[in-house]
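As structure tokens, the structure follows; a few thoughts come after it.
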Amino acid sequence: MLSFCCLGALSTTLSIASAQVAAPRAATRVADEKSFLVYPNPSNGIVHIAINGFEGRKMELRILNVIGTVIYRETITELNGPKTLDLSKFATGLYYVKLEADNASEMRKLVIR
């Protein structure tokens with residue numbers, strides 16, 4: 001049993017009779033697992049986007065500025081390794097890279113210096 005008590009004008013006691021802690025599970029990689037990686041981050045504007053697990057699906061890739069305005073949009077139907085984008089014409093700051101496919105949506109932060 002674990003007890004905590006505080007001193008002062010008001011007194012409160014918390015007692016925990018039993019607690020269970022789950023052991024962490026080993027990370028397993030399923031062959032069907034989807035991943036979406038944006039690198040390097042921070043970037044000078046040349047950005048690589050690695051997309052895995054979305055083969056055979058139509059995807060929508062968008063770059064959004066910090067207020068949510070779409071500043072770049074591309075429909076991807078085939079994956080041939082990492083996608084490289086030149087975003088060096090955009091101002092330095094925080095952006096979001098959004099990937100949508102079927103009913104799934106993933107978003108990553110990107111900093112351009």
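Scanning segment 30-77 for residues that are under 16 Å from the mean Cα position of the chain (by Cα), in a loop (DSSP other than H, G, I, E, B), of a type in the set (S, T, N, Q) and over 15 Å from residue 94 (Cβ atoms) yields a total of 0.
Only residues in segment 86-113 that are at pLDDT 95 or above and aromatic (Phe, Trp, Tyr) count as the first member; pair them with residues that are surrounded by fewer than 12 Cβ atoms within 10 Å (Cβ to Cβ) and part of a loop (DSSP other than H, G, I, E, B), Cβ under 9 angstrom, at least 6 apart or cross-chain, and list the lot. Close Cβ pairs satisfying both conditions: 95/66; 96/66; 96/68. For first residues located in segment 35-59 and free of Cβ contacts under 8 Å to residues at least 12 places away in the same chain, partners that are surrounded by 14 or more Cβ atoms within 10 Å (Cβ to Cβ) and part of a strand (DSSP E or B) and lie 6+ apart or on another chain with Cβ distances below 6 Å form the pairs 39/48.
The values are calculated or read from the model by the stated rules, or taken from the named source; none is laboratory data. In this text the structure is predicted, and so the values were computed from the model without any measurement. Don't worry about glycine lacking a Cβ; one is built from the backbone with ideal geometry, like all the others, and counts go over all protein chains shown.
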